[in-house]
Amino acid sequence: MAIHRKTVRQRIHRRIRKKVNGTAERPRLAVHFSGRHVYAQAIDDDAGKTVAAATTLKKGTKTSANRETAERIGKVIAEKLREKNIERVVFDRGGYIFHGKVKALADAAREGGLTF
């Protein structure tokens with residue numbers, strides 16, 4: 001029986017989530033990529049609430065989940081968190097390898113003023 005890439009990523013993500021936890025002062029910045037879209041959200045795990053979110057889901061826009069889109073979402077999520085006076089986050093790469101789109105989103109968020 002073949003092991004699918006998605007199953008492996010989910011297993012890695014569960015392992016990461018045992019260690020990474022977000023609080024009100026330092027929320028967890030979780031990222032996800034589908035074939036077309038990029039999602040990023042800052043989550044307060046203690047309260048079980050999403051503090052801020054950014055995504056490419058807009059009606060009428062043609063996007064693909066590439067590095068440029070990831071950079072744009074990284075800047076947007078950093079801007080939204082800065083408006084809420086949150087500068088420090090815990091980065092949750094979601095089981096993805098830290099290069100390419102994930103690294104682009106993280107670097108853009110750092111340029112936007114977030115520390116992690």
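What follows draws every value from the coordinates through simple rules; no lab data is involved. Note that the structure is predicted; figures quoted are calculated from it, not measured. Backbone-built Cβ (ideal geometry, glycine too); neighbour counts: all protein chains shown.
Let me see the P(r) profile for the chain: every Cα-Cα distance counted, bins of 10 Å, each bin given as a percent of all pairs.
Distribution as computed: 15, 46, 32, 7, 1 percent.
Of all the stretches in the chain, which is the longest one without any exposed loop site, taking GluC sites (Glu not before Pro) in a DSSP loop (any state but H, G, I, E, B) with at most 16 other Cβ atoms within 10 Å?
Here the longest segment lacking exposed loop sites spans 26-86.
Write out the trypsin sites (Lys or Arg not before Pro) in segment 1-77 meeting two conditions: DSSP loop, and at most 13 other Cβ atoms within 10 Å of their Cβ.
Passing sites in segment 1-77 are K18, K19, R36, K58, K59, K62.
Under the rule a/c < 1.5 gives rounded, and otherwise a/b versus b/c splits prolate from oblate, where does segment 54-99 land using the Cα gyration tensor?
oblate
Placing +1 at every Lys and Arg Cβ and -1 at every Asp and Glu Cβ, with all other atoms neutral, what dipole size does the chain have around its Cα centre, in debye to the nearest 20?
In total the dipole reaches around 620 debye.
Under 17 Å from a point 7 Å along the Cα-to-Cβ line of I3: which residues of segment 61-100 have their amide N that close?
Under cut-off, by backbone N: 95-97.
Show that you can apply the helix-only estimate: for the chain, add -39,500 (n - 2.57) for every DSSP H stretch of four or more residues, divide by all residues, and state [θ] at 222 nm to the nearest 500.
Helices in the chain give a 222 nm mean residue ellipticity of -11500 deg cm²/dmol.
Among A53, G22, Q10, flag the residue with its Cα farthest along the positive direction of the charge dipole of segment 1-59, charges on Cβ as +1 for Lys/Arg and -1 for Asp/Glu.
Comparing the listed Cα positions along the dipole, Q10 ranks first.
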